[in-house]
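Undergrad: Quick one: structure below, then a few questions.
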Amino acid sequence: MIIDSVKGSVKFKVVYHGIALAGKTTNIESLAKSDGLDVLTFDTKKERTLVFDFITRKKSVDDFQLSFSIYTIPGQDIYKDIRKMVMRGADAVVFVVDSSERKLQENKEFLEVLADDLRMYGKSVEGTPIVVQYNKRDLPDALPLETLTKEVSIPGKPYTEAVALEGKGVQETFNLIEEALIEKFRQMVG
């Protein structure tokens, strides 16, 4: 979080984290579309994020202009150095879970990757605003929500359900992370 009280601006960095093809890019594309924004993207020929995707959303709160820089990480292990670079300075995380049964173990393992990525920059899962999004709820092999919240959750962190391809749950997920960041900002400035 970067606060410039002279200009009345606050900048937040939000990172969408999770396994490859969980729907991170689809989430920010949906947010961008609803705001009429363009997504800065670097992807491969197979439309997989190579470096990151990026948009900025703005909002006025309490005489401050808030700016949310929203990034995705590449989920493939071969790009872990890029993922770690994108995580630098993250103020909040949306952890996107692929609800497919066949992706359960990979999602569980990526919770540890998230914890490691945060630790690298002196942060913790407990102390970082995080929302878990259970995406792809429309798939025939989507696990029941009860199973996902038991197996792939972060204690004390809110969660949402989504079908990012249809835009369902995308704004609701962002609203939760935005509210957490605004609350953190208000606590800091009194």
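The values are calculated or read from the model by the stated rules, or taken from the named source; none is laboratory data. What you see is a predicted model; the values in this text were computed from it and never measured. Here Cβ is always computed from backbone atoms with ideal geometry, including for glycine, and neighbour counts include all displayed protein chains.
Undergrad: Has region 130-137 got at least one residue that is assigned to a helix (DSSP H, G or I) and over 29 Å from ASP62 (Cα atoms)? Explain how you work it out, then say what you get.
TA: Of the residues in region 130-137, the ones assigned to a helix (DSSP H, G or I) are none.
For region 130-137, residues assigned to a helix (DSSP H, G or I) and over 29 Å from ASP62 (Cα atoms): absent.
Undergrad: Which pairs do you get when a residue that is under 12 Å from PHE12 (Cβ atoms), found in region 173-190, comes within reach of a residue that is assigned to a helix (DSSP H, G or I) and polar (S, T, N, Q), reach meaning Cβ atoms under 9 angstrom, with the pair 6+ apart or on two chains?
TA: Taking only residues 6 or more apart or on different chains, the pairs are PHE174/ASN27.
Undergrad: Next question. Could you check region 100-129 and list, in sequence order, the residues that are buried (at least 20 other Cβ atoms within 10 Å of the Cβ) and closer than 13 Å to GLU151 by Cβ?
TA: LYS103, ASN107, PHE110
Undergrad: Here's another thing I want to ask about it. From ASP141, ASP62, which residue is within 30 Å of ILE3 (Cα to Cα) and surrounded by fewer than 14 Cβ atoms within 10 Å (Cβ to Cβ)?
TA: Just a single option satisfies the conditions, and that option is ASP62.
Undergrad: Can you name every residue in region 92-117 that is part of a helix (DSSP H, G or I) and in contact with a helix residue (DSSP H, G or I) (Cβ under 7 Å, 6 or more places away or on another chain)?
TA: Of all residues in region 92-117, those part of a helix (DSSP H, G or I) come to 101-117.
Correct list: LEU104, LYS108, ASP117.
Undergrad: Shifting gears a bit: Pairs under 7 Å by beta carbon, first residue within 19 Å of ILE82 (Cα to Cα) in region 17-41, partner aromatic (Phe, Trp, Tyr) and buried (at least 20 other Cβ atoms within 10 Å of the Cβ), six or more apart or different chains?
TA: HIS17/PHE95; GLY18/PHE95; GLY18/PHE110; ILE19/PHE110; LYS24/TYR16; ILE28/TYR16
Undergrad: Given the condition among the acidic types (Asp, Glu) and over 19 Å from LEU176 (Cα atoms), answer yes or no: does some residue in region 119-133 qualify?
TA: No: region 119-133 contains no residue that is among the acidic types (Asp, Glu) and over 19 Å from LEU176 (Cα atoms).
Undergrad: Show the residue pairs meeting these rules: Cβ distance below 9 Å; 6+ apart or different chains; first residue within region 116-144 and over 25 Å from GLY89 (Cα atoms); second residue loosely packed, with under 11 Cβ neighbours inside 10 Å.
TA: That search, which allows pairs on different chains as well, returns ASP141/ARG102.
Undergrad: Could you list all residues from region 32-51 that are surrounded by fewer than 18 Cβ atoms within 10 Å (Cβ to Cβ) and either part of a helix (DSSP H, G or I) or at pLDDT 95 or above (or both)?
TA: Across region 32-51, the qualifying residues are LYS33, SER34, ASP35.
Undergrad: Follow-up question, since we're still on this one. As an exercise: evaluate GLU112 against (1) of a type outside the set (Val, Ile, Thr); (2) under 15 Å from VAL15 (Cβ atoms); (3) without any contact (Cβ under 8 Å) to a residue 24 or more places away in the chain and give the number of the one condition it does not meet.
TA: Unmet condition: (2).
Undergrad: Being over 17 Å from the mean Cα position of the chain (by Cα), modelled with pLDDT of 90 or more and farther than 19 Å from ARG88 by Cα, is that true of even one residue in region 20-31?
TA: Here is the first cut: in region 20-31, the ones over 17 Å from the mean Cα position of the chain (by Cα) are none.
Checked region 20-31: no residue is over 17 Å from the mean Cα position of the chain (by Cα), modelled with pLDDT of 90 or more and farther than 19 Å from ARG88 by Cα.
Undergrad: Starting from region 54-68, keep only residues that are farther than 19 Å from SER34 by Cβ, then list their pairs with residues that are of a type in the set (Gly, Ala, Ser) whose Cβ atoms are within a distance under 8 Å, requiring at least 6 positions of separation or different chains.
TA: ASP63/GLY8; PHE64/GLY8; PHE64/SER9; GLN65/GLY8; GLN65/SER9
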